[in-house]
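Structure first, then comments.
Every read-out reported here was derived from the displayed coordinates using simple, explicitly stated rules and does not represent laboratory data. In this text, all values refer to a predicted model and were calculated from it rather than measured experimentally. Ideal geometry is used to build each Cβ from the backbone, glycine not excepted, and the neighbour counts take in all protein chains shown.
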Amino acid sequence: MLRRLSLTAALCLAPALVAAQSGRAPRCHDWRAGSHRNPTDAELRCHFGVSGPGRFGLLSYVDVPVYQPDTPMPGTHVVGVAGMPHPRAGESYETWEWRVLRTSYGPEARRVYRSLELLDPRVAARILKLEARLAEAGIREVRRETWRSPERQAYLFQQGRSRPGPLATATLTSWHSLVDARGRPAGRAVDYDVPASQMVRFHRIVHEVGLESYGADSFDPGHVFLPDPDAIPEREVVLLRVLPRVPEVTLSTGLPVDRSLPAGGRAALRAEALAFASSPFGGGMPRPHLASAVLRIRMVRTPVAPRATARELAERGRGRGGG
């Protein structure tokens, strides 16, 4: 039933997607945020600028709206959060995945950033506090990556789908890749390398300092993040709860947790993903292109103080709502 509703929305609301991605407010039937009735599935899709036959709703483990395309090995992509990577104007999430899987990425996709200056300053404050606490507890950690360019996120999304290797990510909209209103890096996630014997203690301290993680037994145990609590107005999150939760994609299979591997197992599934990436996706689709080799980044140097003032930064972060 959900897929039939979603397909109807896709056919009816394509113009709304174009409007949303171009910065113009879409015309979403009779519903607006603050209305005195619950919106329909189609109205919420219009409001958040999504279309297609995939799943739309709140993510299974956190209150953020996501869309999961109807593709062989789908990602789960955050929608409606300013500063996140998103499809091009008029492009569905299914087409976005298709285009990404066909693109050849340049050197920027392999560049790794580790500086705290590229994080949202409130997140950087908590990361400084986390690293100080880890040092006090004798937990050895190596900060592997902070902000991540959209090109690198897309390149990692290809791995295990259209490129060889194990699956590396299940999204094109990582909290690593956020930018602020001026287009400057403002990531909200950090990846660490931590010895397996210290991983449980690592996660306990992560949560004690007010950060989130997937847990010591997850497929991405070194990933630490902090969603922006102000990214989606609370009234809209409440309304989104009229829709089902969207199950996360597991890196063990590349499928949502409620879907089983097809006959033939992972090999057959990856063959489907390769066929999807190499086949035409309707008329008028762009040809594969070489992504920009150089990403110009304006370094943010003032919001984050040196490690010596970690306590001051942590207090400042709490004073601004801790998000």
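A few points about this structure:
- Derived scalar couplings between HN and Hα for segment 220-225 equal 9, x, x, 8, 10, 8 Hz in order, rounded to whole Hz, by the Karplus curve 6.51 cos²θ - 1.76 cosθ + 1.60 (θ = phi - 60°), x for Gly and Pro.
- Listed values for segment 203-218 are Karplus-derived 3J(HN,Hα) couplings in whole Hz (6.51 cos²θ - 1.76 cosθ + 1.60, θ = phi - 60°), namely 5, 4, 6, 3, 6, 5, 8, x, 9, 10, 7, 8, x, 5, 9, 7, and x replaces Gly and Pro.
- Between R144 and D191, Y192, D193, the built amide H atoms are under 5 Å apart, and every one of these is 5 or more places off in sequence or on another chain.
- Amide H contacts of L59 (H built 1.01 Å from N, in plane; Pro and chain starts excluded): V64, V66, V246 sit under 5 Å, all sequence-distant by 5 or more or on other chains.
- Amide N of segment 35-77 lying under 18 Å from the label point, which is placed 7 angstrom from the Cα of T253 along Cα→Cβ: 55, 60-61, 68-76
- P(r) tail for segment 211-261: Cα pairs beyond 17 Å make up 58% of the total.
- Projected label distance in nm at Q159 and R143, using a 7 Å step from Cα toward the beta-carbon: 2.1 nm
- One equal scatterer on each Cα of segment 194-285, no solvent, Debye formula: the resulting log10 I(q)/I(0) at q = 0.15, 0.23 Å⁻¹ is -0.94, -1.09.
- Amide H contacts under 5 Å for T250, placed H, 5+ residues apart: L255, V257
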